[in-house]
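Novice: Mind looking over this structure? Questions follow.
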């Protein structure tokens with residue numbers, strides 16, 4: 001069946017090949033580049049594949065080679081409100097957000113999809129490495145590039161209008177295909193870090209927006225062992241850049257265990273104190289029917305992170321996950337994504353963690 005498809009083209013190789021595959025499949029494809037900055041020159045130039053002027057130009061050239069119409073849509077105001085401001089406020093609240101996950105949730109599969117549907121498109125096509133089979137979201141076959149984790153915030157209704165043409169292919173093969181198709185982005189390096197932090201310095205980015213707020217760094221006994229310029233600059237599990245004035249009695253490294261915005265205190269301690277066995281998630285998104293009672297599955301706690309066996313259970317409006325073995329350095333604000341093999345079952349934002357005795 002021929003569909004009217006809106007292909008989101010970032011300017012990178014993945015979205016270009018995804019658009020080309022959709023067109024080759026016989027769909028009526030239109031390319032669109034999302035302008036996510038009111039001043040693109042302020043975003044990092046180079047091989048970003050996301051937000052710069054050169055990315056827009058790369059996307060346009062790819063659309064010309066594919067032979068599809070191309071437009072640029074200004075989503076800068078929405079992106080700033082829903083992604084950038086959310087990023088800053090989450091850090092201010094002592095959490096560690098994932099802006100790529102939020103961009104999928106609020107921009108690509110909300111703002112972009114809503115506009116596409118209003119204009120009569122049937123689906124939005126992206127270059128994510130994931131698979132959709134009969135409405136079921138599954139991991140991409142390239143384990144190193146799998147992006148099902150950051151797509152797990154999408155609702156079943158949104159996924160019903162999504163296309164991920166790259167999920168059955170490795171990244172190496174996608175680059176070779178791009179070269180065969182004559183796409184100039186075939187060798188363009190992947191984007192890294194956070195697209196809206198121009199120099200990659202997250203601490204300075206946050207300080208410019210939240211100001212300095214000196215406070216104590218304490219050990220698990222409450223003894224002050226250092227001072228910080230803003231608790232927002234730290235994340236659970238962090239070891240470097242703590243600037244501790246007092247070494248640990250045993251001489252071992254110390255890690256960030258807790259961040260309290262209320263008292264403006266950062267707590268540090270030994271590595272083993274980072275271990276957690278229970279996770280409480282909020283705002284769950286179920287991609288399958290919620291199951292009654294506890295059920296066995298696997299959980300992934302960060303993008304491209306380790307997978308843990310667990311027992312999960314819907315808990316009122318939330319989600320409770322009991323790990324089969326401890327996970328280390330789990331940060332509130334990240335996502336907990338449940339899997340049954342390669343199938344995504346649900347996602348939730350991590351709200352709290354605990355070490356539950358066996």
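The values are calculated or read from the model by the stated rules, or taken from the named source; none is laboratory data. Computed from a prediction, not measured in an experiment: that's the story for all the values here. Neighbour counts are summed over all protein chains in view; Cβ atoms, including those assigned to glycine, are modelled from backbone coordinates with ideal geometry.
Novice: Can you say whether residue 129 is more than 28 Å from residue 186 (Cβ to Cβ), crowded, with 21+ Cβ neighbours inside 10 Å and out of contact with any strand residue (DSSP E or B) (no Cβ under 7 Å at 6 or more places or on another chain), as far as the supplied structure shows?
Specialist: Numbers: more than 28 Å from residue 186 (Cβ to Cβ): no; crowded, with 21+ Cβ neighbours inside 10 Å: yes; out of contact with any strand residue (DSSP E or B) (no Cβ under 7 Å at 6 or more places or on another chain): yes.
No, not satisfied.
Novice: Here is a follow-up. Can you run down the residue pairs with Cβ atoms below 6 Å, 6 or more apart or on separate chains, where the first is in segment 78-91 and within 13 Å of residue 37 (Cβ to Cβ) and the partner is at pLDDT below 95 and assigned to a helix (DSSP H, G or I)?
Specialist: Sorted first by the residue in segment 78-91, then by its partner, the pairs are 78/111; 79/107; 83/99; 83/102; 83/103.
Novice: Being modelled with pLDDT under 90 and not assigned by TED's automatic domain parsing to the domain that holds residue 238 narrows it down to one residue among 173, 146, 168, 193; which is it? Step through it out loud before you land on a result.
Specialist: On the way: 173 fails: modelled with pLDDT under 90; 146 fails: modelled with pLDDT under 90; 168 fails: modelled with pLDDT under 90.
Only one candidate passes the filter, namely 193.
Novice: Restricting to segment 171-209, name every residue that is under 20 Å from the mean Cα position of the chain (by Cα), in a loop (DSSP other than H, G, I, E, B) and within 15 Å of residue 21 (Cβ to Cβ).
Specialist: Step one: filter segment 171-209 for residues under 20 Å from the mean Cα position of the chain (by Cα), giving 171, 189-203, 205-206.
Now drop any that are not in a loop (DSSP other than H, G, I, E, B), which leaves 189-201.
If the condition is that a residue be under 20 Å from the mean Cα position of the chain (by Cα), in a loop (DSSP other than H, G, I, E, B) and within 15 Å of residue 21 (Cβ to Cβ), then no residue fits.
Novice: Name the one entry in 284, 290, 216, 270 that is closer than 30 Å to residue 342 by Cα, modelled with pLDDT of 90 or more and in contact with a strand residue (DSSP E or B) (Cβ under 8 Å, 6 or more places away or on another chain). Give the steps one after another, and end with the answer.
Specialist: Numbers: 290 fails: modelled with pLDDT of 90 or more; 216 fails: closer than 30 Å to residue 342 by Cα; 270 fails: closer than 30 Å to residue 342 by Cα.
Exactly one residue qualifies, and that residue is 284.
Residues checked against (1) in contact with a strand residue (DSSP E or B) (Cβ under 8 Å, 6 or more places away or on another chain); (2) within 29 Å of residue 148 (Cα to Cα); (3) in contact (Cβ under 8 Å) with a residue 60 or more places away in the chain:
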{"position": "208", "(1), (2), (3)": "no, no, no"}
{"position": "211", "(1), (2), (3)": "no, no, no"}
{"position": "223", "(1), (2), (3)": "no, no, no"}
{"position": "227", "(1), (2), (3)": "yes, no, no"}
{"position": "241", "(1), (2), (3)": "no, no, no"}
{"position": "265", "(1), (2), (3)": "yes, no, no"}
{"position": "280", "(1), (2), (3)": "yes, yes, yes"}
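Novice: Can I ask one more? Checking the condition outside the structural domain of residue 20 (by TED's automatic domain parsing), under 23 Å from residue 355 (Cα atoms) and surrounded by 15 or more Cβ atoms within 10 Å (Cβ to Cβ), which residue from 232, 255 passes? Break it down stepwise before answering.
Specialist: Numbers: 232 fails: under 23 Å from residue 355 (Cα atoms).
Being outside the structural domain of residue 20 (by TED's automatic domain parsing), under 23 Å from residue 355 (Cα atoms) and surrounded by 15 or more Cβ atoms within 10 Å (Cβ to Cβ) holds for just one of 232, 255, which is 255.
Novice: Any chance you could count how many residues in segment 199-213 are buried (at least 17 other Cβ atoms within 10 Å of the Cβ) and either assigned by TED's automatic domain parsing to the domain that holds residue 331 or modelled with pLDDT under 90 (or both)?
Specialist: The initial filter retains those residues of segment 199-213 that are buried (at least 17 other Cβ atoms within 10 Å of the Cβ), namely 205-206.
Cutting the leftovers down to either assigned by TED's automatic domain parsing to the domain that holds residue 331 or modelled with pLDDT under 90 (or both) gives us none.
The number of residues fulfilling the criteria is 0.
Novice: Here is a list: 250, 324. Which entry is farther than 27 Å from residue 104 by Cα, more than 19 Å from the chain's Cα centre (by Cα), exposed (fewer than 15 other Cβ atoms within 10 Å of the Cβ) and at pLDDT 95 or above?
Specialist: Working: 250 fails: at pLDDT 95 or above.
When all the criteria are applied, what remains is 324.
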